[in-house]
């Protein structure tokens with residue numbers, strides 16, 4: 001399963017949910033200054049949590065990208081090793097066939 005689309009959907013969902021809270025707060029902003037200050041503190045905490053989530057997801061994405069690069073290098077190495085073994089086997093088979101024909105000709 002590809003994690004990038006999952007992360008993007010998750011972040012979009014967080015954005016939609018938080019925007020709904022912001023709309024409700026803007027509609028009911030006829031409150032006193034203490035209430036407004038409390039709401040600003042809550043929003044600041046929410047923003048901090050969002051930032052931590054985003055940073056965590058970015059770190060996870062970076063780790064996955066590094067893992068993908070490592071696996072691609074291993075795959076290329078295995079393909080190279082496989083081609084070498086295949087080429088050596090084919091060459092050995094051809095030499096064996098030539099030796100067999102020479103002994104038949106003798």
Pull out the extension gain between residue 43 and residue 78, defined as 0.36 nm times the separation in residues minus the alpha carbon to alpha carbon distance; nm, one decimal.
7.4 nm
Net length gained if the chain between residue 13 and residue 54 were fully extended (0.36 nm per residue, minus Cα distance)
13.5 nm
For 47, 32, what's the fewest-to-most ordering of other Cβ within 10 Å of each Cβ?
32, 47
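None of the figures in this text is laboratory data; all of them are computed from the coordinates on show. Bear in mind that the values here come from a model prediction, so they are computed numbers and not experimental data. Here Cβ is always computed from backbone atoms with ideal geometry, including for glycine, and neighbour counts include all displayed protein chains.
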